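Have a look at the structure below, then the notes.
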Amino acid sequence: MLKLLKLMKSLWWQLIIVFIFVALQTILQLQLPGYTNEITAQLSQADPLLGPDMNFILMTGLKMLGISLLGFAAAIGQMVTNASLMANFGKILRSKLFKQVQNYSISNINKVGTSSLLTRINSDTRVLQTFIFMLTRTAIMAPTFMVVGTLKLLQINPMYTSIILIGMPIVLIVIVVTFKIASPLFSLVQEKLDYVTLLFREGLTGVRVVRAFNQEEREFRFFDKANRSMTDVNIKVGKIMEFVNPIISVIFNIAYVSVFIVGFMLFEQSGDATNKILFSQTIGAAGYVNSIMMSFLMLSFIFIMFPRSAASAKRILAALNLEPEIRNNVNALPITEIEDAGVVEFKNVLFTFSDNQHPTLSHISFTTKPGQVTAIIGSTGSGKSSLINLIPRFFDATEGQVLVNNIDVKDYQVNDLRTKIGFVPQQAVLFSGSVRDNLRFGKSDATDEEMIEALKVAQSWNFVKKKEGLDTMVSQGGKNFSGGQKQRLAIARALVRKPNIYIFDDSFSALDFKTDIKLRTALSNYAKNASVIIVAQRVSSIINAEQIVVLDEGKMMGIGTHAQLLSSCLVYQEIVKSQMDKDEIEKTMQIEKDVLAFEGGE
Amino acid sequence: MPPKMQMSGRQSRPKNSKQSFLKLLIEFRAYRTKLIIISLIIIAGAVLQVMVPVFIQPILNINNLQSYVLNATPLTLNWLRIAGDFGLIIGFYIVSAILNMFALLLLVRIANDYGYSLRNKIKKKLDRLPLSYFDKHSYGEILSKGTNDVDAITQSLNQIVYQTLHSISLFVGVLVAMFIINWRLALVTLATLPLSLLITFTITKTSQKQFVKFQVKTGELEGIVEENFSGLSIIQLYNQQQNQIDKFEAVNKEMTKANWVSQLLSAFIFPSIRFVNNLGFVGVSVVGGLINDSGSIAAFLLFLNMFTLPFQQLGQISGIIQTTLAGAERIFELLDAKEEDKDIPDAISDETLIHGEYKFRNVAFSYSPDKPLIENMNLDIKQGDIVAIVGPTGAGKTTLVNLVMRFYEISEGEITLDGVNIRDYKRETLRSSVGMVLQDTWIFKGTIGANIRYGRSDASEEDMILAAESAKVHHFITTLPGGYNFVLNEDGTNISQGQRQLITIARAIISNPRILILDEATSSVDTRTEYAIQTVMEDIMKNRTTFIIAHRLSTIKNAKKIIVMNRGSIIETGTHQELLAANGFYAELYNAQFLGSSQNVEPVIASN
């Protein structure tokens, strides 16, 4: 909790202003009972014949009015600054959280879960905001009321103070017990909310599948269960709170009444049946006891809210303190000193996921060359995607080295490293905004010409042009484009960057052959001097690759050209056979010869 | 118990809070009895609370003091009487507190149950919305309605109901009691009323807009955040963190401003009322002094607090009330959204009638009215046919599937299944007769077993393993810790895309449907595995009408009928051989993969 407050350094001056206003408001408010006291004293001491001093009463009334006005002004000031403090507190918290998540590695996100992060950034932040709003007001007001009130009481008669001394510990006990019971429940509430959010989100992302399998009932059953269980915990928490409130209020009222009883006791002790000063004193004391207990009540609210806020604070802090697994090298080389050769090299790389014992990749060694295509092929789960994910450091190699432009990827600033790479992932992810916004991901200052060129190469200018060109809006997740169109836009996004290293992770899977071929042809001209790494399923897409890396269960089973592998690598032969018949294989061999002849001729 | 309110399918959008408020009230009909009991309890509690000053007044009247004196010298007091009087007051307090507690305990349950039913209702509503709704609204925004907005209502509803009822009864009670004790002081107090009313209403009116804005911005922010968290790897790859942060900050800033202004405005109520209270305080002190009635002053000081308490409470909770109304407005917007057309009254629900013969007659469809996509499409598919649909991306292949599943409604013409318009089947029947595997795999958080059994929940352990074996994923599953009990992450992020696809294939296999749709089902599965499952797939496809959408032409060469689509219409149909012979669009498409062999075209992949 305190740690969170430390994050709010920029708000400290606001906090101080709030405190000043609160103090002012409190002091002014405390003046009023004194004046009422004077009026009642005036009445009780008044000459029975002449009646009370009218002028005095009116003057006192006027003074009270003035103080009320000042108090009002202070209260307004307090509210304005406090509301601003609260709003900004939420803003900073959300913003810090969002920024922190931007540095998360993929495994971080998977660990916490998207839904839970969503709850933390909204619901948990709101809980804390409400708490802060109350805290800032009460933190000054309540203690001031208590101290000043107690001093005044002592001044009147120490006997009255005993009421406070008895009443407060009782309230304290009630609060502590509540705290103990409610604390764990509040963490539970937020966890349950995470789960409800998760089920909600799954229902949304899987809407087609749910409907296709008629599983609405099942989905609903699960949701209902989670919803019910969250509601039950909420009801339990609510009941505890509603149980405590009246108990405190009864204690409070008994204390108030006790003031008058003490008054009667003092009256009896004084032995003077006409003692009227004592009477007015008692009414004054009642006012102060009222203030003291009221502020104690306010404090108790803070304590009651504390467990829930603490639970939320803990969740937010956990997200803020989660260390990204991929860290920047402090001694990273400045990007300007690295020659942009466009070479990727794997040196005996071994890679194991943290929660797995068997290495996903082992003994991987190969080098790409500028102007050449390196293809990676292998079965599902053979480690193709893991392999290329090591290049932009989505994960770090467990052993061995991955070198980009002859420098270990770990010696780069992560951002610098990634700007050197045009990476197109398996699942095309687009962002809401215009096509232009999406393309500028690759290069923030790209001109329209550059973007249109990239779109043309990616075979997407045709359908983009037909809509509203670069200004075509992309809805969230790119839902207004077909799978193939999304993929091509994702490719264009990488092309705009014009890097010297391209990585395509099975990025042509949603394209038909014709588009695929057109795209590749255009690409070969566009990326003449770049190293191109392609993860592919179709043999036909990689026949022309200068080198093909064949992976099986995380190991390299062969490396070479199509023709070489066809004669030497068993796994490769199987792959090819599964896709083509004899004639077709013959045809592909023919292509290779043509290519060789073509190159030889030059 | 969810309220019995039936949501009409008609489109009506509550544009203002008044309407939402009314709707909220209507929703509460289900809790009528409980609410009446609660009201009675609260009124009783308030009456008791009002009684206290009435009792205190005579005790504290200085002129009445002597009645407690038993003996003047030495001064002895009538303690029995004192104890009796004060005991009575404390008794009143306790009973009033207990009554309030009962009311609040009941209310907590109602509020949470209402929130519960509201969430369930939203969840159910989402099942009835046409898919086009999800194309238009971001996931984050819908999520925010189901979580943040419902939360806003639940957490404050008990307070709102209690405070409102309590305030009103207290107000009336105090008014009566005041006039009984001292009508002159009562008039002084009453004079503050118009001021209180004026302040409360003016402020509430202006701040409502800001509260709505705040909730709207919250939804917007959630949209951005959801999108960002889901696509984080891309963002990092392109170093777009800063841009995303800027985008986020822009909304965050607006949200903060709405938050501040709304809180600020409603926060004005409290000190303003307090000020009015102080005015009354001064007035009562002065007038009470003038008429020399100190007992009444003491009582009125308590009364004054109670008299302005309703407004103070209103001030305190006005922020909450307005957040709630803003939330309600957004929720009702969702609940009132137009639903899918209902199944016709006597829709066919007998699945055994379905064999899989499709006819498309002059079908027209488009996602948005101004951009026609499919026009005048005619198609005949016989029972057991394997139909492959090929064509360039964006040709409308997936759209065709969407229509077969009745995810979208066609605008013209008709689609019949076994001679019956698909609209005459119950949706459930139509869809359960179709097994569908999509390119975008969907995996939920849960065990692998549960994910496979999703296709048929009553499937036995053996069936499940058999399906996994057929989909060639059994071996992989057994290598995982826990095997079929291995828990998949949200979105299935702890296995590869290819493995996810195999699991969804197993899911379709287990459901044993009459009709099969494979929309790029194996696009991320490597060809060796695909080859291995091919024979199984052929088995599965036997006697089943099957639609295959695939780019790998090798997977569709054996199809009985190949439909070639381009720009929303069918341009060629026939078998692989026929289409090659025709030397049209398909032949061009097919030969493209061997480009460079016979024709003397530039090699496909870069080499200079």
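Counting helices only, and only those DSSP H runs with n ≥ 4, report the 222 nm mean residue ellipticity of chain A as the sum of -39,500 (n - 2.57) divided by its residues, in deg cm²/dmol to the nearest 500. Walk me through the intermediate numbers first.
Details: 20 runs with 385 residues, N = 602.
Roughly -22000 deg cm²/dmol at 222 nm, from the helical runs in chain A.
Quick check: pseudo-label points 7 Å beyond the Cα along Cα→Cβ at B:Thr73 and A:Ser568, how many nm apart are they?
13.0 nm
Of all beta bridges DSSP finds with both residues in chain B, what is the antiparallel percent, to the nearest 5? Walk me through the numbers before you get to the answer.
Details: 22 of 40 bridges.
In chain B, DSSP labels about 55 percent of beta bridges as antiparallel.
Treating only the Cβ atoms of Lys and Arg (+1) and Asp and Glu (-1) as charged, compute the dipole magnitude of chain B about its Cα centre; round to the nearest 20 debye.
Details: 56 positive and 55 negative charges, 424 e Å.
Its charge dipole is roughly 2040 debye.
Just to check I understand the Karplus step: with θ = phi - 60° and J = 6.51 cos²θ - 1.76 cosθ + 1.60, what whole-Hz values come out for segment A:447-452, glycine and proline as x?
Running phi through 6.51 cos²θ - 1.76 cosθ + 1.60 with θ = phi - 60° gives 7, 4, 4, 4, 5, 5 Hz.
222 nm [θ] for chain B, helices only, -39500 (n - 2.57) per DSSP H run of 4+, per residue, to 500? Mind dumping the intermediate values first?
On the way: 21 runs with 362 residues, N = 608.
Calculated at 222 nm, the ellipticity per residue is -20000 deg cm²/dmol.
Which FRET efficiency value, to the nearest 0.05, do you get for A:Asn110 and B:Ile168 by plugging their Cβ-Cβ distance into 1/(1 + (r/R0)^6) with R0 = 51 Å? Mind dumping the intermediate values first?
On the way: r = 53 Å, r/R0 = 1.03.
Calculated transfer efficiency: 0.45.
Kindly point out which whole DSSP H helices in chain B project their C-alpha atoms 24 angstrom or further along the helix axis while averaging a Kyte-Doolittle hydropathy of 0.5 or above. Kindly include the intermediate steps, with their values, before the conclusion.
Values: long enough: B:32-60 (43 Å, 1.92); B:79-128 (72 Å, 0.58); B:150-181 (45 Å, 1.36); B:193-230 (54 Å, 0.12); B:241-290 (71 Å, 0.26); B:294-335 (59 Å, 0.94).
Those that clear 24 Å and a mean of 0.5 are B:32-60, B:79-128, B:150-181, B:294-335.
Please compute the net charge surrounding B:Leu589, taking Lys and Arg as +1 and Asp and Glu as -1 over other residues with Cβ under 11 Å from its Cβ. Don't skip to the end; give the middle numbers.
On the way: positive: A:Lys514; negative: A:Asp512, A:Asp516, B:Glu572, B:Glu588.
Value of the local net charge: -3.
Subtracting the Cα-Cα distance from 0.36 nm times the residue separation, let me have the gained length for B:Leu353 to B:Phe179 in nm, one decimal. Can you show the working numbers first?
Numbers: separation 174, 0.36 × 174 = 62.64 nm, distance 8.00 nm.
Value of the extension gain: 54.6 nm.
Could you order peptides A:124-135, A:217-228 by the average number of other Cβ atoms within 10 Å of their residues, highest first?
Details: A:124-135: 21.2, A:217-228: 17.4.
Listed from highest to lowest mean packing, they are A:124-135, A:217-228.
If you take the beta carbon distance between B:Tyr367 and A:Met159 as r and set R0 to 60 Å, what does 1/(1 + (r/R0)^6) give as a FRET efficiency, to the nearest 0.05?
On the way: r = 82 Å, r/R0 = 1.37.
The formula returns an efficiency of 0.15 here.
Using +1 at the C-beta of Lys and Arg and -1 at the C-beta of Asp and Glu, which of A:Ala341, A:Leu154, A:Thr374 has the Cα lying farthest in the positive direction of the dipole of the protein assembly as shown?
Value computed over the given set: A:Leu154.
May I ask you to derive the relative contact order of chain A, considering only C-alpha pairs under 8 Å and at least 6 residues apart, and to give it as an integer percent?
Details: 801 pairs, mean separation 82.7, N = 602.
Once divided by the residue count of chain A, the mean separation gives 14 percent.
Just tell me which lysines come within less than 26 Å, Cα to Cα, of A:Lys3; anything on the same chain fewer than 8 places away is out.
A:Lys91, A:Lys96, A:Lys99, A:Lys111, A:Lys180, A:Lys192, A:Lys314, B:Lys253, B:Lys257
If one computes the Cα centroid of segment A:274-295 and of segment B:79-133, what distance in Å separates the two points?
The two parts, judged by their Cα centres, are 34 Å apart.
Long-range amide H contacts for A:Gly400: which residues qualify at under 5 Å (H placed 1.01 Å from N, peptide plane, sequence gap of 5 or more or a different chain)?
HN-HN under 5 Å from A:Gly400: A:Leu350.
Taking only C-alpha pairs under 8 Å that are 6+ residues apart, what is the relative contact order of segment A:312-382 in percent?
23 percent
Mind putting a number on the dipole of chain A about its Cα centre? Charges go on the C-beta only, +1 for Lys and Arg and -1 for Asp and Glu, and I need it in Debye to the nearest 20.
Working: 59 positive and 51 negative charges, 187 e Å.
Dipole size: approximately 900 debye.
Each residue of segment A:392-404 in order: what ³J(HN,Hα) in whole Hz does its phi give by Karplus 6.51 cos²θ - 1.76 cosθ + 1.60, θ = phi - 60°, with x for Gly and Pro?
x, 6, 6, 9, 10, 4, 6, 9, x, 10, 10, 10, 10
What percent do you get for the relative contact order of chain B when only Cα pairs under 8 Å and 6+ apart count?
Result for chain B is 15 percent.
How big is the dipole moment of the protein assembly as shown about its Cα centre under a simple scheme where the beta carbon of each Lys and Arg is +1, that of each Asp and Glu is -1, and everything else is neutral? Debye, nearest 20, please.
Details: 115 positive and 106 negative charges, 575 e Å.
Computed charge dipole of the protein assembly as shown: roughly 2760 debye.
Under the 0.36 nm per residue contour assumption, what length would be gained going from the current alpha-carbon distance of B:Glu333 and B:Glu461 to full extension? Can you show the working numbers first?
Numbers: separation 128, 0.36 × 128 = 46.08 nm, distance 4.37 nm.
Stretched out fully, the B:Glu333 to B:Glu461 stretch lengthens by 41.7 nm.
Counting only other chains, and only Cβ atoms inside 10 Å, what mean value do you get across the residues of B:384-392? Please report the intermediate quantities before stating the final value.
Values: counts 0, 0, 0, 0, 0, 0, 2, 3, 10.
Partner Cβ neighbours, averaged per residue: 2.
So what's the net charge close to B:Phe134: Lys and Arg +1, Asp and Glu -1, counting the other residues with Cβ under 10 Å from its Cβ? Could you put the intermediate results ahead of the total?
Details: positive: A:Arg208, A:Lys479, B:Lys136; negative: B:Asp135.
Value of the local net charge: +2.
For the protein assembly as shown, give the share of DSSP beta bridges that are antiparallel, in percent and rounded to the nearest 5; count only bridges with both residues there. Please list the in-between numbers first.
Details: 40 of 76 bridges.
The answer is about 55 percent antiparallel.
Any idea what angle helix A:277-321 forms with the longest principal axis of chain A, computed on alpha-carbon atoms, 0 to 90 degrees, nearest 10?
10 degrees
Mind checking which of A:Gly469, A:Gly433, A:Phe481 is farthest towards the positive end of segment A:426-498's charge dipole, using Cβ charges of +1 (Lys, Arg) and -1 (Asp, Glu) about the Cα centre?
A:Phe481
Got a sec to turn the phi values of segment A:118-127 into Karplus ³J(HN,Hα) couplings, 6.51 cos²θ - 1.76 cosθ + 1.60 with θ = phi - 60°, whole Hz, x for Gly and Pro?
Here the 3J(HN,Hα) series is 4, 4, 5, 6, 9, 5, 5, 5, 4, 4 Hz.
Once you place label points 7 Å from the Cα toward the Cβ at B:Ser569 and A:Met298, how far apart are they in nm?
About 7.7 nm, to one decimal.
What does the charge count around A:Asn329 come to, taking other residues whose C-beta lies under 10 Å from its C-beta (Lys +1, Arg +1, Asp -1, Glu -1)?
Numbers: positive: A:Arg327, A:Lys410; negative: A:Asp408, A:Asp411.
Once all neighbours under 10 Å are counted, the net charge is 0.
Listed here are the pairs B:Lys123/B:Lys213; A:Lys384/A:Lys528; B:Lys34/B:Lys426; A:Lys239/B:Lys145; B:Lys18/B:Lys125; which of them are more than 28 Å apart at the Cα? Each step should come with its number before you reach the end.
Values: B:Lys123/B:Lys213 24 Å; A:Lys384/A:Lys528 24 Å; B:Lys34/B:Lys426 39 Å; A:Lys239/B:Lys145 26 Å; B:Lys18/B:Lys125 23 Å.
In this structure, B:Lys34/B:Lys426 exceed 28 Å between Cα atoms.
Apply 1/(1 + (r/R0)^6) to the Cβ-Cβ distance of A:Asp224 and A:Asn55, taking R0 = 60 Å, and write down the FRET efficiency to the nearest 0.05.
Working: r = 73 Å, r/R0 = 1.21.
After rounding to 0.05, the efficiency reads 0.25.
Which one of B:Ser296, B:Met255, B:Ala337 has its Cα pushed farthest toward the positive end of the charge dipole of segment B:236-343, where Lys and Arg give +1 and Asp and Glu give -1 at the Cβ?
The one lying farthest along the dipole's positive direction is B:Ser296.
Here, each number is a calculation from the coordinates, and none is a lab measurement. All values derive from a computational prediction rather than experimental measurement. Because the Cβ atoms are built from the backbone with ideal geometry, glycine has one as well, and the counts that use them run over all protein chains shown.
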